[in-house]
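The values are calculated or read from the model by the stated rules, or taken from the named source; none is laboratory data. From a predicted model like this one, the values you see are computed outputs, not experimental measurements. Reconstructed Cβ throughout: ideal geometry from the backbone, glycine too, with neighbour counts over all protein chains shown. All accessible areas refer to the heavy atoms of the entire protein, side chains included, with ligands and DNA or RNA removed. Shrake-Rupley method; radii C 1.70, N 1.55, O 1.52, S 1.80 Å.
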Amino acid sequence: MTRKKIRSALTALSLLLLSLTAAAAQEESSEAIQHARLVDILPLRGEVFHVQGVDLDSRRIWVTSVDLTGRKGYLHEFDRLSGRLLRRVELTDGPRYHPGGLSLADGSIWVAVAEMTPDSSAALVEIDTDSLRIRRRIPVADHLGCVAVSGRTLIAGNWDSRLLRIFDLPSGKEVRVVPNPFATRYQDMKFVGRQLVAGGPVTPFSGTIDWIDWPSMKLARTARTGVTDRARPYTGEGMALKGRDLFLVPEDGPSRLFHFRLRDREV
């Protein structure tokens with residue numbers, strides 16, 4: 001058999017395995033997002049690596065990603081209407097090149113940039129939304145993978161969000177550590193009103209989005225999530241919620257922004 005035929009056979013086998021994996025995933029979770037309908041899918045037109053987090057306003061989409069080969073971390077800014085890449089800035093900080101889930105607050109983007117290993121180090125980084133210049137860094141002696149901000153409070157989840165570290169935002173001091181009582185490995189989280197909304201995987205083919213009352217940490221409700229047609233968990237990486245509109249970026253480049261609308265009775 002020639003090399004060309006071998007390559008063709010391997011490609012066909014890879015496609016077959018991918019289709020079987022996707023079929024098995026869809027069999028495990030037949031609904032994409034529980035209590036939600038898909039509105040549209042926006043391709044993100046620009047180089048993106050291993051996606052981590054997403055947030056957006058009326059004009060722009062911000063996505064974090066990790067170049068695992070080059071050991072570099074990036075913040076990407078896209079046009080919300082077209083999905084066209086507008087800007088990209090590197091966030092690598094020595095051995096810390098893993099920017100995780102992010103949150104917008106008062107003209108700032110907050111993101112944790114960490115070493116790519118548990119129980120390591122990170123910096124909570126505040127970035128100006130217009131200039132994309134760094135305003136502030138708060139060093140932390142742990143890997144941090146996602147951040148949510150509300151008023152004077154900043155919450156960051158460590159590796160797989162087994163611990164939630166709470167900081168006083170003006171002083172930058174850690175004030176409390178709360179064990180995550182839930183099975184979901186939160187990858188991105190946001191404050192929505194008086195609730196912490198967090199999304200992540202549970203298995204390779206399923207996950208949840210949880211609405212958690214703050215500061216009691218009582219689970220108010222949850223929505224089960226399935227996988228994309230590329231067999232990626234919808235809540236495997238970036239998640240943002242704006243009112244009833246849910247936005248997810250679960251796939252590495254070429255990445256897509258999935259827009260779901262939560263049903264009225266679930267808001």
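Please go through segment 107-141 and pick out each residue that is under 15 Å from Trp62 (Cβ atoms), open to solvent by 20 Å² or more (accessible area, probe 1.4 Å) and in a loop (DSSP other than H, G, I, E, B). Once the filter is applied, which keeps residues that are under 15 Å from Trp62 (Cβ atoms), open to solvent by 20 Å² or more (accessible area, probe 1.4 Å) and in a loop (DSSP other than H, G, I, E, B), segment 107-141 yields Gly107, Asp130, Ser131, Arg133. In the set Phe182, Phe260, Phe205, only one residue is closer than 17 Å to Asp55 by Cβ and either out of contact with any strand residue (DSSP E or B) (no Cβ under 7 Å at 6 or more places or on another chain) or of a type in the set (Phe, Trp, Tyr) (or both); that residue is Phe260. Checked against (1) in contact with a Phe, Trp or Tyr (Cβ under 8 Å, 6 or more places away or on another chain); (2) assigned to a strand (DSSP E or B), Asp252 meets all criteria but (2).
Criterion first (part of a loop (DSSP other than H, G, I, E, B), farther than 27 Å from Thr153 by Cα, open to solvent by 50 Å² or more (accessible area, probe 1.4 Å) and not hydrophobic (A, V, I, L, M, F, W, C)) does Thr69 satisfy it? Criteria met by Thr69.
Is it the case that Leu38 is open to solvent by 30 Å² or more (accessible area, probe 1.4 Å), assigned to a strand (DSSP E or B), in contact (Cβ under 8 Å) with a residue 12 or more places away in the chain and among the aliphatic types (A, V, I, L, M)? Here the answer is yes, as Leu38 does meet what is asked. Could you tell me how many of the residues in segment 218-255 are buried (at least 19 other Cβ atoms within 10 Å of the Cβ) and closer than 27 Å to Ala105 by Cβ? Number of matching residues: 18.
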